[in-house]
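Structure, as structure tokens:
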Amino acid sequence: AQSVTQLDSHVSVSEGTPVLLRCNYSSSYSPSLFWYVQHPNKGLQLLLKYTSAATLVKGINGFEAEFKKSETSFHLTKPSAHMSDAAEYFCVVRLMNTGFQKLVFGTGTRLLVSP
Amino acid sequence: KAGVTQTPRYLIKTRGQQVTLSCSPISGHRSVSWYQQTPGQGLQFLFEYFSETQRNKGNFPGRFSGRQFSNSRSEMNVSTLELGDSALYLCASSLGGPEDEQFFGPGTRLTVL
């Protein structure tokens, strides 16, 4: 079965320092992976997606993620955190081998950014 | 282009009541999916509708049901509410292909007392 595991429930950084949010996936074939962000009382916004075109994926707001098959990882990074990055981040895998959409979400990582 | 809208944004109900939530997808989108988000269980897939037909469903009891209209708007109904149904209910719309991006609405916050 396809699934994702987010290794940290909370990550705290200072403004201007790098961000690393970790995600490992489990899949018997090449998965489609996503990172979504959720700000308080808001819906989910797509940050970036990997669909096998390129292993290094650039997203919005300076975020990027690298698909590493050997490590079954899809970690989210940003060189310099901004206060507005404080939110909850979800690593997501899309179920393949089906004719329809179904997203499976990780448990989320809450990013705290201090001044 | 307007985004996904959900109404109402907040609801308070009591145990045993039923509730109907509404989702209007982005114009042109034919697929609507529903998700439940709770602190304990995280984000879980409820069901997906495409062209007025339920195409996929998650592992929720039959108290959770939905439908989709010819204009692609979707409603979700929960009958005989339980305390554990308190959650943020999110809907997402897409064109409907297996690789099309899903766009999420802001959610409906349901509180069951």
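The values are calculated or read from the model by the stated rules, or taken from the named source; none is laboratory data. As the structure is a computational prediction, the values presented were derived from the model and not from experiment. Cβ coordinates were reconstructed from backbone atoms using ideal geometry, including for glycine residues, and neighbour counts include every protein chain displayed. With ligands, DNA and RNA removed, areas are computed over all heavy atoms of the protein, side chains included. Shrake-Rupley method; radii C 1.70, N 1.55, O 1.52, S 1.80 Å.
Between chain B and chain A, the total buried accessible area stands at approximately 1700 Å², from heavy atoms with a 1.4 Å probe.
Peptide B:5-16: average number of partner chain Cβ atoms within 10 Å per residue?
Per residue, the number of nearby Cβ atoms from other chains is 0 on average.
Computed from backbone phi, the HN-Hα couplings of the range B:23-37 come to 9, 10, x, 5, 3, x, 7, 10, 10, 10, 10, 10, 9, 10, 10 Hz, rounded to whole numbers (Karplus: 6.51 cos²θ - 1.76 cosθ + 1.60, θ = phi - 60°; Gly and Pro given as x).
Scanning residues 5 or more positions from B:Gln17 or on other chains, those with amide H under 5 Å from its amide H are B:Leu81, with H placed 1.01 Å from N in the peptide plane. Working note: Karplus 6.51/-1.76/1.60 with θ = phi - 60° gives the range A:63-68 the couplings 7, 8, 9, 10, 7, 10 Hz, where Gly and Pro are set to x. Pairs from the list A:Lys42/A:Lys102; A:Lys58/A:Lys102; A:Lys68/B:Lys57; A:Lys78/B:Lys57; A:Lys68/A:Lys102; A:Lys49/A:Lys102 with a Cα-Cα gap above 26 Å: A:Lys68/B:Lys57; A:Lys78/B:Lys57.
Only protein heavy atoms count here; under a 1.4 Å probe, A:His39 has an accessible surface of about 60 Å². Partners of B:Lys13 within straight-line reach, counting aspartates and glutamates whose Cα lies under 20 Å from its Cα and excluding those fewer than 8 residues away in the same chain: B:Glu75, B:Glu82, B:Asp85.
Within the protein assembly as shown, what whole-number % of the accessible surface is contributed by carbon and sulfur, with the 1.4 Å probe and all protein chains included in the calculation? Of the solvent-accessible surface of the protein assembly as shown, carbon and sulfur hold 51 percent.
Averaged over its residues, how many other protein chain Cβ atoms are within 10 Å of peptide B:96-105's Cβ atoms?
Across B:96-105, the average partner-chain Cβ count within 10 Å equals 5.
One Cα centroid belongs to the range B:79-108, the other to the range A:82-96; the line between them spans 16 Å.
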